[in-house]
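Here's the structure, in structure tokens; my notes come after.
The values are calculated or read from the model by the stated rules, or taken from the named source; none is laboratory data. Everything numeric here is computed off the predicted structure, so don't read it as measured data. Positions of Cβ are generated from backbone atoms using ideal geometry, with glycine treated the same way; all protein chains shown enter the neighbour counts. We work out accessible area using only protein heavy atoms, side chains counted, and drop any ligands, DNA or RNA first. Shrake-Rupley method; radii C 1.70, N 1.55, O 1.52, S 1.80 Å.
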Amino acid sequence: MDHKVLDGLLKPKSIAVIGASTKEGKIGYTVVKNLVESQYEGEVYPINPKADEILGFKAYPSVLDVPGDIDAAVVVIPAKYVPQATEECGKKGVKGLIVIASGFSEVGRKDLEEQVVAIAHQYGMRVLGPNIVGILSNSDKCNASFAPILPLPGKAALVSQSGALLIAMDTSTYTRRVGFDKLVSIGNMSDVNFGDMVEWLNANENTACISLYVEGLKDGRHFMEAARSASKPIIALKSGVSAHGAAAAASHTGSLAGSGKIYESAFEQAGVVQASDLNNLFDRTQVLSLQPPMKGDNMLIITNGGGVGVLATDAAERYGVPLRFAPEDVQAELKKHMPEFGSAKNPVDLTGMAGREWYQESTRYAFAHPWVDGLVILYCETAMTDPMNIAQGIYEAVQESGITDKPITVSFVGGEKSEAAIQWLVENGIPAYDAPDIAVNALSALHEYAESREQATTPFERFDDVDEAAARAVIAKVRAHHDRNMTEVESKQIFAAYGLPVANTKLATSEEEAVALAEEMGYPIVMKIMSPDILHKSDAGGVKVNIKDEAGLRAAYRTILENAKAYKVDADIHGVAIQEMAPWGTEVILGSVNDPTFGPTVMFGLGGIFVEILKDVTFRVAPVSANQSMKMLADIKGAPILAGARGEAPRDREALAEVLSRYSQMITELGDEIAESDANPVLVYEEGQGVTVVDARIILKKKEA
Ligand code: ADP
Ligand code: MG
């Protein structure tokens, strides 16, 4: 993407306001007034055929009448006039449009939106919006929006799909003490989307942390690529994760919000930290814009009160960074800065007697100690101590330690004096909060960031011993013959081409052939109906297991065909599959769907009631490395069953992880053909004994005529 073009849009040196108004209260007036009040230093050109001047700026009938160059055009006219204005902007050489106007895809007029983008692209212009609030930037002294004021200055940038939320967040940056350089309203994302914004902000010198409010991504893969390549922390609050929420979001922005579970995984896979709610987005944005990632698991808590210490300990476990006791040398040193009845374990309790000196000395020592990966300092206001004095002690300790590559967060619980101390700390680059669990949550965000970042930047190692051409040949044959539903025999040919361990399966088209195949394979065998019209074979009485001899086989052959006819009279029957009988193993299921936002997505879970009733499954955007697959196996609640619960031998998780990874490669590489697929069940044996795929199913995509 051309960043220069987006520079014109996001850092404009001159702005035309198309639809500028002389009437107070109109958006077209507010935008011009906001440019004045933010002390915008570039040129401002109000466009209004009926006005001579607006707020001291000479007005022009059209952008084509403006004497100078125009970087960005803010568009606040009714939707139906926007295409023509876009045409004029193109002719004028405008670089980008900030389309505040609404009345597009959010009300069913996607056509109008597409028309505007098509015209803009003809002239090399980019389009932000439509249906947005505008853009705000402290470093450019530019409030090209109808939000009230520039946000509290800082190093974060917020990109919001909801305009109302952006306005609400704007003013609350002051009360919450979270500083932003930029707020960008992205609205319908007709052209500029989250991925573009991440790329641009990552290259922008005034941005330290990219904060996103997401209802639905338009191009999930592009976003993930942009996030993976970014060197700055990204945090996202995704709304619409509940079924009802998703419906609300869809009607709200006209974009399709995918399933919350897939979003969660996709963000983690791309190294994007997640926020649980609006408060959490603020708190975590603050910490991510002020502190480095937490690169290990050792969190040390120093407190002057047992109560907040326990609350913080609970929070540490809740947020995935459970506390460990500090090593002996750390304990011995910290003991020097507390009374006899204090505790140097973890949390380190300096007791209510702790003043500035103890805080400062223990903070300096602990922060510099190599065992400590992240530090949380808690303080409860007491009558004997002055919060500001303590805050200054903490700040000095951090300076004196000389450490800049590990994080610290602080919580002060108290009244106005504590409030002032919190504010002072934040202004001096130390994230500080009014509750202990929030300080712990903030540090855990830096831990999540370091962890997911490592995952996100590890490339997928493709299996080279696969035969994509063979797989595609099978697909072509199926397409020529019977359209979309592949039988188990056909599906297994694709699985085998990708090196997946399928149970030996052969198709018999007559009873005699069945007998011959079984002789060759050796009893006991399994027999199954093969028909593209019968996807659930057992439901049709189409599966017979553990057939021990020829007599049993002949009887089963007839029964299976009779059952199939009874189930579906006109079923297209290919024959009966003869299959080796696999020994019993732990049943698991692999599945794939083509997510509208992220494309091929892989699912894993334990078979039987675990998947059907408990829905104990986990998703990832495909492909996943064997390493990530191992994490998927550990993700589900039933994970202990694979690990070997209650005296059972552990299952061959390594082999299963490789199968999952190969499967994810298969659905990705054949993603243009495969709509959905599953392997149900896959039998997993003891460690070293591998896995066997006993049933496989692939449904091809509908082909457009
Ligand atoms: P479907 O899911 O279409 O009903 P499956 O092929 O999964 O049919 O077979 C149904 C069940 O039969 C499986 O869940 C499994 O328990 C058992 N089964 C199928 N194939 C084999 C096999 N080759 N070895 C052992 N058991 C099998
Ligand atoms: Mg099955």
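Would you calculate the convex hull of the Cα atoms in segment 401-496 and tell me its volume per residue in Å³? If you can, show how the numbers build up before the last one.
On the way: hull volume 20.1 nm³, N = 96.
Convex hull of Cα atoms, per residue: 210 Å³.
Going from the alpha-carbon gyration tensor of segment 20-106, what semi-axes, largest first and in whole Å, does one get by taking the root of 5 times each eigenvalue?
19, 16, 13
7 Å from Cα along Cα→Cβ at both ASP405 and SER538: what's the point-to-point distance in nm?
Here the modelled spin labels are 5.5 nm apart.
For segment 163-234, run through the GluC sites (Glu not before Pro) and keep only the ones in DSSP coil with at most 16 other Cβ atoms within 10 Å of their Cβ.
On the way: sites: GLU199, GLU205, GLU215, GLU225; in loops: GLU205, GLU215.
Hits after loop and neighbour filter: GLU205.
Where a ≥ b ≥ c are the square roots of the eigenvalues of the C-alpha gyration tensor, would you call segment 540-600 rounded, which needs a/c under 1.5, or, failing that, prolate if a/b is larger than b/c, or oblate? Working shown, then result.
Values: a/c = 3.52, a/b = 1.50, b/c = 2.34.
The shape class here is oblate.
Any idea what diffusion coefficient segment 451-586 gets from Stokes-Einstein, in µm²/s, Kirkwood Rh on alpha carbon pairs, 10 °C, 1.306 mPa s?
My calculation gives 96 µm²/s for D.
Kirkwood hydrodynamic radius, segment 593-705, all distinct C-alpha pairs: what's the number in Å?
About 14.6 Å for segment 593-705.
In whole Å, largest first, what are the principal axis extents of the Cα atoms in segment 287-347?
Principal extents (largest minus smallest coordinate, Cα): 37, 24, 20 Å.
Where does the charge balance sit around GLY415 when Lys and Arg score +1, Asp and Glu -1, over other residues with C-beta under 15 Å from its C-beta?
Local net charge: -4.
In Å, what Kirkwood hydrodynamic radius results for segment 59-124 from the alpha-carbon pair distances?
This gives a value of 12.0 Å.
Using the heavy atoms of the protein chains alone and a 1.4 angstrom probe, what is the accessible area of the chain per residue in square angstrom? Before the final figure, lay out the partial values.
Values: 28810 Å² over 705 residues.
Per-residue value: 41 Å².
Based on the Kirkwood radius over alpha-carbon pairs, what value in µm²/s does the Stokes-Einstein equation return for the translational diffusion coefficient of segment 511-645 at 37 °C and 0.692 mPa s?
Working: Rh = 17.4 Å.
Roughly 189 µm²/s, to the nearest whole number.
In the chain, carbon and sulfur make up what percent of the accessible area (probe 1.4 Å)?
C and S fraction of accessible area: 51 percent.
With runs of 4+ DSSP H residues as the only contributors, calculate the mean residue ellipticity of the chain at 222 nm using -39,500 (n - 2.57) per run, divided by the residue total and rounded to the nearest 500.
On the way: 24 runs with 283 residues, N = 705.
After summing the helix terms and dividing by residue count, I get -12500 deg cm²/dmol.
What percent of all Cα-Cα pairs in segment 578-642 falls in each 10 Å bin, counting up from 0?
It works out to 20, 45, 29, 6, in whole percents.
Binning every alpha carbon pair distance of segment 41-194 at 10 Å from zero, what are the percents per bin?
For segment 41-194, the pair-distance distribution reads 11, 38, 35, 14, 1.
Among residues other than LEU152 whose Cβ falls under 15 Å from its Cβ, what is the net charge (Lys/Arg +1, Asp/Glu -1)?
+1
Considering only the chain, what is the antiparallel percent among its DSSP beta bridges, to the nearest 5?
50
Can you tally the net charge around MET388? Count Lys and Arg as +1, Asp and Glu as -1, for every other residue whose Cβ sits under 13 Å from the Cβ of MET388.
Charge balance in the 13 Å sphere: -4.
Provide the convex hull volume over Cα atoms per residue for the chain, in Å³.
Working: hull volume 130.5 nm³, N = 705.
Taking the convex hull of the Cα positions in the chain, it is 185 Å³ per residue.
Amide H neighbours of ASP595 under 5 Å, counting only residues 5+ apart in sequence or on other chains, H built in-plane at 1.01 Å?
THR601
Considering only DSSP states other than H, G, I, E and B, which chymotrypsin sites (Phe, Trp or Tyr not before Pro) in segment 574-618 qualify as loop sites with at most 14 other Cβ atoms within 10 Å? Please list the in-between numbers first.
Values: sites: TRP584, PHE598, PHE604, PHE610; in loops: TRP584, PHE598.
Within segment 574-618, the qualifying chymotrypsin sites (Phe, Trp or Tyr not before Pro) (loop, at most 14 other Cβ atoms within 10 Å) are TRP584.
Pick out, in residue order, every one of the GluC sites (Glu not before Pro) in segment 1-60 that is DSSP loop and has at most 15 other C-beta atoms within 10 Å; say none if there are none.
GLU24, GLU41
Tell me, how many Å apart are the Cα centres for segment 303-365 and for segment 456-486?
For segment 303-365 versus segment 456-486, the Cα centre distance is 57 Å.
Just the ratio, please: alpha-carbon radius of gyration of segment 420-471 over 2.2 N^0.38 Å, N its number of residues.
Its radius of gyration relative to the 2.2 N^0.38 Å reference: 2.18.
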